[in-house]
Structure formats: structure tokens, C-alpha cells
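For reference, the structure is listed below as C-alpha cells.
The values are calculated or read from the model by the stated rules, or taken from the named source; none is laboratory data. On a predicted model such as this, the values are computed, not experimentally measured, just so you know. Backbone-built Cβ (ideal geometry, glycine too); neighbour counts: all protein chains shown. We work out accessible area using only protein heavy atoms, side chains counted, and drop any ligands, DNA or RNA first. Shrake-Rupley method; radii C 1.70, N 1.55, O 1.52, S 1.80 Å.
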Amino acid sequence: MNRLLIAGNWKMNLGPTEAKKLAATLAKRWPSGSFTNQVVVSPPALSVAAVVQELAATDIDVSVQNVHTEDSGAYTGEISTPMVKDAGCRYAIIGHSERREYFGEDDVLVAQKTKKVIADGLTAILCVGEKLEQRKAGQQESVVKKQLDAVLDHLSEDDASHLVVAYEPVWAIGTGETASPQQAQEMHKFIRNVLKQSWSESAGSKVQILYGGSMKPANAEELLSQEDVDGGLIGGASLKADSFSELIEIAESLTTDG
Ligand code: 13P
């Protein structure tokens, strides 16, 4: 079993002052050596510095929510991977459905960004997932395969240790509706098989596949217990120290029991 990864995506919430407070509370609750799984938080770019500083004495890693494909230049409003590394981040979320939907990111751009993130030594949390009408039409696997193949075509097996895939069914994001544990497991197994077929059995096995979409303390145990669910990418429930800490505790109880 892979280690579980509990990742909080704060989206466009918590400026530096509020982000610092949440990070300070998490740092107190989770000092270095207090968990065996992996924990990541992804604040808005403007809050990254404050969060990195507050979490310096912990094992919690920091991520950004997006990057540009170039190192520097005339790209007003963008941030680059060298900047992200300089700021102390180890992860970047790429291809979130909100970026695909509201900022026009297509599979080609998502692939370029993922490649850049991994080439520069960061770990990419690549988001994939179908919309409600696609699931209703039974197209979820072909949609996700297309999203994955677009990226995998540009990566090699050696990149496996720097890739995390997050399955986020769009209909479950911020809606309170969650994929059932069976729906999640089915899709995660499908994703795992795509990875294994593109690369190899061992490379496909070691990629962590996270579930995202209204994960919260009440449903996390069942979701995280599924064989191919290696963690969660959590929006709403990551914005409060209590609920996020509960999710970390649930992950810990599953790995120490198992
Ligand atoms: P919610 O947990 O708020 O549904 O958000 C999920 C998500 O989009 C994480 O990236």
C-alpha cells in the first residue's frame, strides 16, 4: 500500500494573514514526526511565503495551485516553477477542473505544465475528472483516459515518482455530493491500469491516486479504505484546522491499523 497523501487545496481563500493563522494552528497540532503519511497544503500564491514560514518546523509540504510553462518573462500575473521552488514549495496542482473550465486550460497546456513541473524537480498533482453529463452518458472512463493520455505522452516511466494523479469528478466538487467509495475505487483502478499500460506494472503501482470532491471527515474513512485510493485532494474541509486535522487523523488510523 502506498503512503496516503492528504492534500488541502485552499483555492482562492485565505490571504496571508488568515493563511498564516491556519498554518500556525496546523504547525502546533502536527509538529515534525507526528504523522507517518504525507500532508500538503496549497494556499493561494500570495500566501505561500507566510505558510512556508509557519510550517518550517513540520513535515507538512506546501504546493501552489498553478504555474506557467516558462521560467520568466513578460507573462503578467503568472508564476514560474523556479519561483515556486525558491519560495519553498515541493508540489504544484495542475489542470484542476476550475482552471480547465474558467481559464481555458486544455489538455495540451495541462500536459506542458505537468512536464515543466516534473522536469524542474517538483511533484505535479495532476487533476482529471468527468462532468456530470459525461458520467450520465457513461463516458467517464474515456474522458479521464483522454486527459491522462495527453499528459502521459509527454512523460516517461522515470517521472512516476514525481506524479500524483487526483481524480476529481466535477459533479462532486463543492457540491456536497461525493462519489461513492465504489465509484471512486472503480475509477482509481482504471487510472492505475492506464498508468501501468503506459509505463509498467511497478511504475503504475507507485503513483499515488487521490480522490477529490466533497471529501470530509464523515466520508473519508470509507473512501480512503479503497484499495486504489491513496489519499484525498480536499477543498472546503481543508480550510478549517479541525476538519483538516481530522482527515489527517483518519489517514493515520488507517495506515497504522493496516
Ligand atoms: P471540495 O472538497 O470543496 O469539494 O473541493 C474539491 C477540490 O476541488 C479539491 O481540489
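Within the range 160-181, the residues that satisfy the criterion of being assigned to a strand (DSSP E or B) and either more than 23 Å from Pro82 (Cβ to Cβ) or open to solvent by 20 Å² or more (accessible area, probe 1.4 Å) (or both) are Val165, Ala166, Tyr167. Residues in the range 192-240 that are within 12 Å of the ligand (Cβ to nearest atom), in a loop (DSSP other than H, G, I, E, B) and open to solvent by less than 50 Å² (accessible area, probe 1.4 Å): 5 in all.
Mind telling me which of the residues Ala137, Ala124, Ala119 ends up being aliphatic (A, V, I, L, M) and within 16 Å of the ligand (Cβ to nearest atom)?
Working: Ala137 fails: within 16 Å of the ligand (Cβ to nearest atom); Ala119 fails: within 16 Å of the ligand (Cβ to nearest atom).
The match here is Ala124.
Restricting attention to the range 113-141 and to residues that are open to solvent by less than 30 Å² (accessible area, probe 1.4 Å) and assigned to a helix (DSSP H, G or I), the residue that is nearest to Gly212 (Cα to Cα) turns out to be Thr114. All of Gln147, Gln112 fail the test of being within 16 Å of the ligand (Cβ to nearest atom), of a type outside the set (Lys, Arg), under 18 Å from the mean Cα position of the chain (by Cα) and more than 23 Å from Leu224 (Cα to Cα), apart from Gln147. Among the residues of the range 145-159, those that are touching a residue at least 40 places away in the same chain (Cβ under 8 Å) and either assigned to a helix (DSSP H, G or I) or crowded, with 20+ Cβ neighbours inside 10 Å (or both) comprise Lys145, Gln147, Leu148, Asp149, Ala150, Val151, Leu152, Leu155, Glu157, Asp159. Those helices (runs of 4 or more DSSP H) of the range 1-104 in which 2 or more residues are in contact (Cβ under 8 Å) with a residue 60 or more places away in the chain and farther than 21 Å from Ala251 by Cβ occupy 97-102.
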